[in-house]
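Below is one structure; the comments refer to it alone.
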Amino acid sequence: MRQSELFTKTQKAFPKDEVSANARLLIRAGYIEKLMAGVFSMLPLGFRVRENIMRIIREEMNATGACEIIMPALHPKSVWETTGRWDEMKSVMYQFGEGERAYGLGPTHEEVIAPIVQKHVNSYLDLPIALYQIQVKFRNEERPKSGLLRGREFTMKDLYSFHTNEESLNVFYDRVKEAYRGIFKRVGLGDTTYLTLASGGSFSQYSHEFQTVSDVGEDTIYLCKACSVAVNHEIITEQKVCPECNSNDLVKKNAIEVGNIFKLGTRFSEPVGLMYRDTDGTQKPVIMASYGIGVERLMGAIVETYHDDAGLIWPQAVAPFIAHLLIIGEQTGTLKKFADTAYQSMIDADIEVLYDDRTDVSAGEKFADADLLGLPWRLVVSNSTLAEDKIEVKKRTEKEKKLIALKELPKYITK
Ligand code: ATP
Ligand code: MG
């Protein structure tokens, strides 16, 4: 895409009212726009990052055998009364209307999915089932101030699985654990995201969170150096030992909860009559688990992990474009032709490229914007590179620049 046609512009200064690095950088670079605390628009560049994250999540979810669906955000009060959570969720759920017309905006979807599955399950032969969606959630979070990390409206990937017995649940649960590891690895957070034991509710001793270590994280975890599992501070014992391996070599860290997987047991199936006929002909409640990932929170965690004083630094898998081509100098004659050819050769090689062809900004501004936008590769075409018939190539993460012939360029970038 040509940057002259990109809707957004970068801002000269950081927004005054933001404290988190993710909000400061993403707003300044024109990726997102804040409507109010905890509610953001995704502008073209932010939209592309979000799409990339959702594509990776989708691929890993589909690989578990789960099917994608989409459920409504607007829920009748009645389904939340069935499970007793209408009152329980009052402080986080946006609720409005009265009588027949009382509604809530969904903060999660157990109440909607269990009745759907109930209509399609009769016998043990119909199970297991796994369904997921990537969908908007609403939560009336208290004064959110961490940018994308805590939204009042945000996108969640929520997966729900349905089983006849605990063994079947455990098999799928472990499969999702691995899928989650795959997702966090692919988005660049593999080395800093830890499987974390957290309190589990009534059905299992632990639930599992995926916590990305970060100074701005609102959670506190204890990282076990011996087995690389972490423990949420809420469940850690007085003695501070790892429940997995009993080591007491634990390090306290701040972390961002990017994902959460949870065995629900029959908490939501029983109230809605989600039963199946077992091999012996008896009716039994279906066993459930749920698995969440916050899409924008993940995007925010990536930014918190990868940035410097000059701007964003996107891991290639989620970057809005792979390369940023800058033409420096007057855009006429052979220089323009050379830059246009470079642009076209990237397109032909299927490398997503943003071409800074703006004529009304200085070279200095183009370089500063390239650092701020944070695309993985910077390609510069100027009269001096043209004299050598080459393009100057630099990675956002490195200082070193290289001159590469146009012919070699796509191969050099994709290698
Ligand atoms: P937290 O303790 O941070 O409020 P939670 O335990 O309420 O999170 P879940 O209900 O398990 O979160 O939701 C699943 C996932 O959705 C979380 O792991 C997180 O990635 C994401 N998430 C939850 N609340 C928010 C929010 N307000 N904004 C953005 N993402 C969120
Ligand atoms: Mg919460």
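Each reported figure results from applying straightforward, stated rules to the coordinates on display, with no laboratory input. Predicted, not measured: the structure shown is a model, and the values here were computed from it. Backbone-built Cβ (ideal geometry, glycine too); neighbour counts: all protein chains shown.
If I take R0 = 51 Å and measure r between the Cβ atoms of Asp249 and Thr334 in this structure, what FRET efficiency does the formula 1/(1 + (r/R0)^6) give, to the nearest 0.05?
0.20
Rg to Rh for region 217-350: what is it, with Cα atoms only and Rh by Kirkwood?
Checking Rg against Rh, the ratio lands at 1.25.
Cys227 to Lys145: FRET efficiency via 1/(1 + (r/R0)^6), r the Cβ-Cβ distance, R0 35 Å, to the nearest 0.05?
0.55
With a 10 Å cut-off between alpha carbons and a GNM built on the chain, which of Arg143, Arg48, Arg297 moves the most?
Of Arg143, Arg48, Arg297, the most mobile in the Gaussian network model is Arg143.
Arg58 label point, 7 Å along Cα→Cβ, cut-off 20 Å on backbone N: hits in region 21-49?
The answer is 42-49, whose backbone nitrogens lie closer than 20 Å to the label point.
Need one number: the % of Cα-Cα pairs in region 1-47 sitting beyond the 13 Å mark.
Here the long-distance tail beyond 13 Å is 54 percent of all Cα pairs in region 1-47.
Quick check: pseudo-label points 7 Å beyond the Cα along Cα→Cβ at Ser168 and Ser123, how many nm apart are they?
Spacing of the two 7 Å Cα→Cβ label points: 1.3 nm.
What distance in nm separates the simple spin-label points at Glu218 and Gln239, each placed 7 Å from Cα in the Cβ direction?
3.3 nm
Give the whole-number value, in cubic angstrom per residue, of the convex hull volume spanned by the C-alpha atoms of region 108-152.
Value for region 108-152: 90 Å³ per residue.
Work out how much length Glu33 to Lys90 would gain on full extension: take 0.36 nm times their residue separation and subtract the Cα-Cα distance, in nm to one decimal.
Value of the extension gain: 17.7 nm.
If you bin the C-alpha pair distances of region 170-257 every 10 Å from 0, what whole percents do you get?
18, 49, 31, 2
Ratio of alpha-carbon Rg to the 2.2 N^0.38 Å globular estimate for region 94-168, to two decimals, please.
The reported ratio for this selection is 1.43.
Gaussian network model of the chain, Cα springs within a sub-10 Å range: biggest mean-square fluctuation belongs to which of Leu131, Leu386, Leu105?
Of Leu131, Leu386, Leu105, the Gaussian network model singles out Leu386 as fluctuating most.
Can you pull the Kirkwood radius for region 323-414, inverse mean 1/r over Cα pairs, to one decimal in Å?
Answer for region 323-414: a Kirkwood hydrodynamic radius of 13.0 Å.
With equal scatterers on the alpha carbons only and no solvent term, can you work out the Debye log10 of I(q)/I(0) for the chain at 0.06, 0.11, 0.13 1/Å?
-0.31, -0.90, -1.12
I'd like the GluC sites (Glu not before Pro) in region 292-372 restricted to DSSP loop residues with at most 10 other Cβ atoms within 10 Å, sorted by number.
Within region 292-372, the qualifying GluC sites (Glu not before Pro) (loop, at most 10 other Cβ atoms within 10 Å) are Glu330.
Just to be sure I understand the rule: take each whole DSSP H helix in the chain, project its Cα atoms onto its long axis, keep it if the span is 18 Å or more and its mean Kyte-Doolittle hydropathy is at least -0.5. Which ones pass?
Qualifying helices: 44-63, 333-348.
Taking +1 at the Cβ of each Lys and Arg and -1 at the Cβ of each Asp and Glu, which of Ala114, Tyr124, Met61 sits farthest along the dipole of region 41-149 towards its positive end, judged by Cα position relative to the Cα centre?
Result: Met61.
Pairwise over distinct Cα atoms, reciprocal of the mean inverse distance: report the Kirkwood radius of region 209-289 in Å, one decimal place.
In region 209-289 this quantity evaluates to 15.1 Å.
What residues have an amide H closer than 5 Å to that of Arg2, excluding those fewer than 5 places away on the same chain, when H is modeled at 1.01 Å from N in the peptide plane?
Excluding prolines and chain starts, which carry no amide H, the hits are Tyr355.
Semi-axes of the equivalent ellipsoid of region 141-213: what are they in whole Å, largest first, if each equals the square root of 5 times a C-alpha gyration tensor eigenvalue?
Semi-axes, largest first: 25, 17, 13 Å.
With the crude spin-label approximation of a point 7 Å out along Cα→Cβ, what separation in nm comes out for Tyr412 versus Thr82?
6.1 nm
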